[in-house]
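Trainee: Quick one: the structure is below, questions incoming.
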Amino acid sequence: MIDVKDLTKRYGALTAVDGLSFRVRPGVVTGFLGPNGAGKSTTLRMIVGLDRPTAGTATIDGRPYARLAAPLRQVGTLLDATAVHPGRTAHHHLSALAATAGVGRSRVDEVIGLAGLDSSAHRRAGGFSLGMGQRLGIAAALLADPPVLILDEPVNGLDPDGIRWIRDLMRGLAAEGRTVFVSSHLMSEMALTAGHLIVVGHGRLLADEPLADFITRAELDTVLVRTSEPDRLHRMLAGPEVTVTAVDRGVFEVAGLDAQQIGDRAAAAGVTLHELSTRRASLEDAFMRLTRDAHDHRENA
């Protein structure tokens, strides 16, 4: 488990992380979201001891990273997939890490296979594509079979097969009871992978809740309506609490009324509808609304 309490990081007059508190529990993939500059990378670096907090604490299973007896065996991290000597082969790189952690050679071969690096194991890492570099970084994080995983943008550079592989891998590891904490800008992927979300903005906590609750809380449900009578549709739906937005020719998004209410009004007014469907809020919708509101609040504060 990862426990962050009142974590703060200042660089002179700039506060990158501001009193952040949250807990990442085992058994579920926890997504870490926030706009650029929100403090995500700084937070991850403080959790694994690469940056020293100005105030507050970050612990893993009750201890700061620097005080873990065997860090590689307890925490697997992917913060920068390019942090590999370009002259080393994938096998050499993983073997060197294994030697420092007391991991057997058989495990090196195992994670090479798990990461799909069999055909590239003896190639120099300097010649790897971005996606292959990501696979090597993920293999390194998994090397000592740790119960806690911290992954920053793990799908970056992966092709569709690779994205599905890492998605299934993270969900499988969480199902085994591990703590999986993953940062990503890909909302569509987080919607398929994470069960819980930590969302930050301007270094402050904006949300800490199950993904489904986060989306529901956004209250962005709209109804898609298609008609050949747009003028009559507008007159029929007019009201102070109703918003009608044109999406395409004869296609509108309606907020403020549900599908049944729109259908009943159309039937009563004799307006022909060719499509009537509820559009639920997506993770991207919820995220954009929450972070925009937070930005506006900070701007006006």
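Trainee: Please return the ranges of strands (runs of 3 or more DSSP E) entirely within region 226-280 where 2 or more residues are within 36 Å of the chain's Cα centre (by Cα), over 27 Å from Asp213 (Cα atoms) and without any contact (Cβ under 8 Å) to a residue 24 or more places away in the chain.
Mentor: Output list reads 243-248.
Trainee: Residues Leu149, Leu158, Leu130, Leu94: which one is at pLDDT 95 or above, within 27 Å of Ile198 (Cβ to Cβ) and either out of contact with any Asp or Glu (no Cβ under 7 Å at 6 or more places or on another chain) or not assigned by TED's automatic domain parsing to the domain that holds Ser41 (or both)?
Mentor: Testing whether each residue is at pLDDT 95 or above, within 27 Å of Ile198 (Cβ to Cβ) and either out of contact with any Asp or Glu (no Cβ under 7 Å at 6 or more places or on another chain) or not assigned by TED's automatic domain parsing to the domain that holds Ser41 (or both) leaves just Leu149.
Trainee: Starting from region 134-150, keep only residues that are more than 18 Å from Ser106 (Cα to Cα), then list their pairs with residues that are of a type in the set (Lys, Arg) whose Cβ atoms are within a distance under 6 Å, requiring at least 6 positions of separation or different chains.
Mentor: Pro147/Arg178
Trainee: Going through region 174-190 one residue at a time, which ones are surrounded by fewer than 19 Cβ atoms within 10 Å (Cβ to Cβ) and farther than 27 Å from Lys9 by Cβ?
Mentor: Ala175, Glu176, Gly177, Ser188
Trainee: Anything in region 4-38 that is crowded, with 18+ Cβ neighbours inside 10 Å and under 18 Å from Gly62 (Cα atoms)? List them, or say none.
Mentor: Scanning region 4-38 gives Val4, Leu7, Leu20, Phe22, Val24.
Trainee: Go through region 51-79 and give me each residue that's exposed (fewer than 13 other Cβ atoms within 10 Å of the Cβ) and either assigned to a loop (DSSP other than H, G, I, E, B) or not assigned by TED's automatic domain parsing to the domain that holds Ala174 (or both).
Mentor: The answer is Arg52, Gly62, Ala69, Ala70.
The values are calculated or read from the model by the stated rules, or taken from the named source; none is laboratory data. In this text the structure is predicted, and so the values were computed from the model without any measurement. Because the Cβ atoms are built from the backbone with ideal geometry, glycine has one as well, and the counts that use them run over all protein chains shown.
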